[in-house]
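*Asks:* Pasting in a structure now, in structure tokens, and then I'll have a few things to ask.
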Amino acid sequence: MQIDAIQARRVLVDGEFVPATVTVEHGVITAIGAYDEAPEGMILRPADSAYVVPGIVDTHVHINEPGRTTWEGFFSATEAAALGGATTLIDMPLNSIPPTTTTAHLDLKRQASTDQLMVDTGFWGGAIPGNVADLEPLWDAGVFGFKCFLADSGVDEFPPLDPAQFTEALTEIARFGGLMIVHAEDARVLADSPSPSTRSYREFVLSRPDEAETAAIQQVLDGARETGARVHILHLSSARALDRIAAAKAEGLPVTVETCPHYLSFSAETIPDAAPQFKCCPPIRDGGNREALWQALREGIIDCIVSDHSPATAEEKNRGGGDLQQAWGGVSGLQVGFSVLAQEARRRAVPLADLSRWMSRNTADLAGLAQKGRIAVGADADFAVYDTNAEFRIEATRLAHRNPISAYDGIRYGGRVTRSVVRGNAIDVERVDHTFGKQLVRP
């Protein structure tokens, strides 16, 4: 239903939860007034125990369509997003076939997503060997930036950049003012690390050591210093990189950093062996590392939290029969990330307003989406309603993700998203039956 206002006891406005009535016209917030106002029309009134935050802006999602739609697709991914409070997504340039590395391939993405979007969705471009001439046309066509790998991506159609190619791409991106987002693991470090077939999670982590991240991140920071390009470090796993990131920020380098719910929720010592639902690259590390990532968020060294939703079929996840080197790497958490982290934040006395900022405002700012990620006059009327009285147990088979595989399966949480609103369209989180979303282009 299209709402004319949302009226709640706890609405996040300017970093504080306040009683408020937020008026909506044509999908845009037009006024924020007192709670006891009596607006006309269709009014959404959440329970008194609920918190109204800006819709989550998830800038790291692998939707995989076209080409690997059996892994995930626009309909299933955006439905999962809507059910979990994410009202804006930006799709990664892989693992679709073809990847989003030319304007022709971007057109195919847009065609594939037509009439399938439950939430607003934009697209990253890709930087691979040989496509430097494609970067500015992609930028002009509205991609939000360019993803590259410094080590094997796992799919042949999206090869990594070597150091010279990385510098060449950064130089070009700096020329037109673009943004490079980097999967920062170093190919040489990984090649020198033992990676035998193993069912042991501990041995798998040893095959993706902290040094792989720290070396690659140093390359990214050096590249930003040399070229002036804006850079963003994807899915930071290793806390050992935090000091050099903090120093780069103090130096004034144009660098931002993200981490993910699975790095903030799980720890290596509690992950069972031969459990591919927990496999991701870079890997989930130990509990001390996890707490250091939380501290880095508090200190502003890490800027934002994204899902890195990277699903696959059961066949791919179980490839090798428990051999973690063969299983596809990626955690499916798009639908549950905010609710999971709201509880993890409570355990650490982290304010919900801070969590919202890391998952909505800061990610929107990363992508240049000034109308997203905030409850303010002139912003899109995108909301997530989170209720601490609505406990739930995650069941992978009941998630909207195309494949019922999740590291969060079976865990009970004390609170969940009970309603999402996309540009004034209130979505029933028990069943999404309308395609409210639109395709986004870079402003």
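*Asks:* Looking at region 67-108 only, could you name the residues that are part of a helix (DSSP H, G or I) and of a type in the set (V, I, T)?
*Replies:* Our first condition is that a residue be part of a helix (DSSP H, G or I); within region 67-108, this holds for 74-83, 103-108.
Selection gives T78, T103.
*Asks:* Could I ask something else about it? What single numbered condition from (1) assigned to a helix (DSSP H, G or I); (2) closer than 22 Å to Q371 by Cβ fails to hold for M118?
*Replies:* Of everything listed in (1) assigned to a helix (DSSP H, G or I); (2) closer than 22 Å to Q371 by Cβ, M118 misses just condition (1).
*Asks:* Name every residue in region 314-342 that is more than 19 Å from the chain's Cα centre (by Cα) and crowded, with 24+ Cβ neighbours inside 10 Å, in order of residue number. Quick ask: steps written out before the conclusion?
*Replies:* Quick first cut of region 314-342, residues more than 19 Å from the chain's Cα centre (by Cα) only: 314-327.
Once the filter is applied, which keeps residues that are more than 19 Å from the chain's Cα centre (by Cα) and crowded, with 24+ Cβ neighbours inside 10 Å, region 314-342 yields only L324.
*Asks:* Kindly provide the set of residues from region 121-148 that are aliphatic (A, V, I, L, M) and either part of a loop (DSSP other than H, G, I, E, B) or under 16 Å from T167 (Cα atoms) (or both), ordered by number. Break it down stepwise before answering.
*Replies:* Step one: list which residues in region 121-148 are aliphatic (A, V, I, L, M), which gives 127-128, 132-133, 135, 138, 141, 143.
Selection gives A127, I128, V132, A133, L135, A141, V143.
*Asks:* Look through region 295-313, keep the residues that are assigned to a helix (DSSP H, G or I) and touching a strand residue (DSSP E or B) at 6+ places or on another chain (Cβ under 9 Å), and return whichever of them is surrounded by the most Cβ atoms within 10 Å (Cβ to Cβ).
*Replies:* Filtering region 295-313 for residues assigned to a helix (DSSP H, G or I) gives 295-299.
When the remaining residues are screened for being touching a strand residue (DSSP E or B) at 6+ places or on another chain (Cβ under 9 Å), the result is 296-297.
Details: A296: 20, L297: 23.
Looking at the filtered set, the residue picked out is L297.
*Asks:* Looking at region 106-134, I want the residues that are in contact (Cβ under 8 Å) with a residue 40 or more places away in the chain and have a partner that is part of a strand (DSSP E or B) and of a type in the set (S, T, Y) with Cβ atoms under 6 Å, at least 6 apart or on another chain. Which pairs are those?
*Replies:* V119/T87; D120/T88
*Asks:* Restricting attention to helices (runs of 4 or more DSSP H) lying wholly within region 327-377, give those where 2 or more residues are out of contact with any strand residue (DSSP E or B) (no Cβ under 8 Å at 6 or more places or on another chain). If you could, list the steps in order and put the result at the bottom.
*Replies:* Values: elements: 337-347, 352-356, 362-367.
So the answer is 337-347.
*Asks:* Could you run through region 284-331 and say how many residues are without any contact (Cβ under 8 Å) to a residue 24 or more places away in the chain and in contact with a Ser or Thr (Cβ under 8 Å, 6 or more places away or on another chain)?
*Replies:* Number satisfying all stated conditions: 2.
*Asks:* Provide a single number: the residues in region 66-75 that are surrounded by fewer than 24 Cβ atoms within 10 Å (Cβ to Cβ) and either in contact with a Pro (Cβ under 7 Å, 6 or more places away or on another chain) or closer than 20 Å to K317 by Cα (or both). Lay out the reasoning, then the answer.
*Replies:* Narrowing region 66-75 to residues surrounded by fewer than 24 Cβ atoms within 10 Å (Cβ to Cβ): 66-70, 73, 75.
Filter again for either in contact with a Pro (Cβ under 7 Å, 6 or more places away or on another chain) or closer than 20 Å to K317 by Cα (or both), leaving 66-70, 73.
Qualifying residue count, region 66-75: 6.
*Asks:* For region 206-282, which fully contained helices (runs of 4 or more DSSP H) count at least 1 residues that are within 24 Å of G177 (Cα to Cα) and touching a helix residue (DSSP H, G or I) at 6+ places or on another chain (Cβ under 7 Å)? So that I can check it myself, show each step before the final result.
*Replies:* Values: elements: 210-227, 242-251, 261-265.
By residue number, 210-227, 242-251.
None of the figures in this text is laboratory data; all of them are computed from the coordinates on show. Not measured: the values here are computed from a predicted model. Ideal geometry is used to build each Cβ from the backbone, glycine not excepted, and the neighbour counts take in all protein chains shown.
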